[in-house]
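Values quoted throughout were computed directly from the atomic coordinates according to the rules given, and no laboratory measurement underlies them. Quick caveat: nothing in here was measured; it's all calculated off a predicted structure. Neighbour counts run over all protein chains shown; Cβ positions are idealised from the backbone, glycine included.
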């Protein structure tokens, strides 16, 4: 190998430049966000089913799971997750209900909190899915591809709010080793991906506006505008924001007159299935990514030492016999 | 009688064991990144409770990747620049490999080999190619998580899946490798050599006659 000193340093500086150049310009926050104003939500308490929940179920019903029965347990365990007989359940998240209204009484007031996927800026579910079934869309929403989801429920485990819900007896795992691996398909709100890609609003947003007109709970729009409006209103009306810092930022901002610390404490006390923690660290950003930099540096070091070693060392086979 | 012949230098042994040990840990933590350990009670084994936390397992996966990535890239650049290409398959290796594998099971005789056995060269290419895919997709995943690159949902999903599949293939090839080292007695001197660096002259004479011939000529 004939590498002049100049060429050698060119290679070195190239590798160093690759490793050190700033790349934050490519980070992706997504185009849209939703404002959920819980000071306005009354849970549609004069109607049998909240409008947003009804619209969500109607919009997505063609994608609801139709499991083949009998459903096999998750061997060697004897359990499996089946919600197919509880399709009418609207007071929690299920594979058949991707949005629900969480009712909480705090200081004599009743709060109605619409709960669904927060659509994080740095979603752990997307980063952690081993099958690549989850993706972060340019619009900012997080989508599960039901056709390749194995239903291992890792996304639910690593989601700070444990949002995705599993239905057994459906999905691609049935075609491989259904007894030994896979557990169904995960379901959650995808922010009406098809609708927002067509330039329309999510179904829940429209349904709420039909009832509450200009006092609507949901507002869907460009991310910067939604963030600006939330901050402006929080300051002007003395409201609290949730979702702007949690898990490194999300595309869902809640506005509340009661602090989210109080809401968190109450939900904890109630041992609610879906909590609202105020301090949510994004462990991918804070703990895993620094190790990622170490991995890349180790790669650069490996290349460097390899190049230096090869150039410095003579080829020696002649010492093979003692 | 009793002379020892150097087969693996210190650098080669270091590379091998760095890849092997970090590889084993990457296999374990990689499997732990799949939602399987809880289901199969691994998380309930004494001392394995930490495997229930996907974040802990992922962090460890990254830590072992530091050693793996270093060793593999060092290997490629060091031996690539030195033009150490004798482990790449040669003409006729395919048939010779089949004969070699049959001989491992007591069927027929091993064809005369040089320093590297023909099936070793094929195994090297197979495991090397798989390692490259698993390593490249892994690095792309790291870059994607850092948000230093952005490919769009479809490509990112494909890369995730490709890392999982090539990781599975790596596990399979790893077990085949271990099987041929441990179960085939004629390979035991090679395992010893990977630890000490040396093989017996008698072994070389019988199993690597072409290599032996070269060594003898050089000494004369």
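Given R₀ = 25 Å, what would the calculated FRET efficiency be for residue A:297 paired with residue B:150, taking r from the Cβ atoms and rounding to 0.05?
On the way: r = 21 Å, r/R0 = 0.85.
Rounded to the nearest 0.05, the efficiency is 0.70.
Compute the helix-to-body angle for A:51-60: its Cα long axis versus the longest principal axis of chain A, expressed 0 to 90° and rounded to tens.
50 degrees
As a footprinting exposure proxy, order B:38, A:109 by other Cβ within 10 Å, with the fewest listed first. Display every interim value, and only then the final one.
Numbers: B:38 19, A:109 9.
Ascending number of Cβ neighbours within 10 Å: A:109, B:38.
Over what distance in Å are the Cα centres of segment B:39-58 and segment A:182-243 separated?
A separation of 37 Å, based on Cα centres.
Contour minus end-to-end for residue A:308 and residue A:214, with contour as 0.36 nm per residue of separation and end-to-end as the Cα-Cα distance? Before the final figure, lay out each step's value.
Numbers: separation 94, 0.36 × 94 = 33.84 nm, distance 6.88 nm.
Extra length available between residue A:308 and residue A:214 comes to 27.0 nm.
Could you work out the helix-only [θ] at 222 nm for chain B, with each DSSP H run of four or more residues adding -39,500 (n - 2.57) and the total divided by the number of residues, to the nearest 500 deg cm²/dmol? Kindly include the intermediate steps, with their values, before the conclusion.
Values: 8 runs with 151 residues, N = 220.
-23500 deg cm²/dmol, from helical runs alone.
Modelled label-to-label distance, residue A:147 and residue B:82, 7 Å Cα→beta-carbon offset: nm?
Going from the residue A:147 label point to the residue B:82 one covers 4.9 nm.
At a Förster radius of 45 Å, what calculated FRET efficiency corresponds to the Cβ-Cβ distance of residue A:198 and residue B:124, to the nearest 0.05?
On the way: r = 52 Å, r/R0 = 1.16.
In this case the efficiency is close to 0.30.
Against the longest alpha carbon principal axis of chain A, how many degrees, from 0 to 90 and to the nearest 10, is the axis of helix A:260-269 turned?
Tilt relative to chain A: about 80 degrees.
For residue A:75 and residue B:136, what is the calculated FRET efficiency with R₀ set at 30 Å and r taken between the beta-carbons, to the nearest 0.05? Don't skip to the end; give the middle numbers.
Values: r = 34 Å, r/R0 = 1.15.
Result of the calculation: an efficiency of 0.30.
Can you compute the modelled spin-label distance between residue A:103 and residue B:181, with each label point 7 Å from Cα toward Cβ, in nm?
6.4 nm
For a quick check, take a GNM of chain A with Cα springs below 10 Å and name the residue from A:282, A:247, A:45 with the largest mean-square fluctuation.
A:45
Most mobile of A:34, A:110, A:94 per a Gaussian network model of chain A (Cα springs, under 10 Å)?
Among A:34, A:110, A:94, the largest mean-square fluctuation in the Gaussian network model of chain A belongs to A:110.
Quick one: plug the Kirkwood hydrodynamic radius of segment A:31-277 (C-alpha pairs) into Stokes-Einstein at 4 °C, 1.567 mPa s, and report D in µm²/s.
D, rounded to a whole number, is 69 µm²/s.
Sort B:37, B:70 so that the residue with the fewest other Cβ atoms within 10 Å of its own Cβ comes first and the one with the most comes last.
Values: B:37 20, B:70 24.
The order, fewest Cβ neighbours first, is B:37, B:70.
Tell me, A:154, B:4 in order of fewest to most beta-carbon neighbours within 10 Å?
Working: A:154 24, B:4 17.
Going from sparsest to densest Cβ surroundings: B:4, A:154.
Please give the calculated 222 nm ellipticity per residue for chain A, where each DSSP H segment of at least 4 residues contributes -39500 (n - 2.57) and the sum is spread over every residue; nearest 500 deg cm²/dmol? Intermediate results must be reported in sequence, preceding the final value.
Numbers: 9 runs with 100 residues, N = 322.
Calculated at 222 nm, the ellipticity per residue is -9500 deg cm²/dmol.
Please determine, in degrees from 0 to 90 and to the nearest 10, the orientation of helix B:10-32 with respect to the longest principal axis defined by the Cα atoms of chain B, where the helix direction is its Cα long axis.
It works out to around 30 degrees.
Be a star and scan segment A:120-154 for residues whose amide nitrogen sits under 11 Å from the point 7 Å along the Cα-to-Cβ vector of residue A:175.
Inside the label zone: A:147-149.
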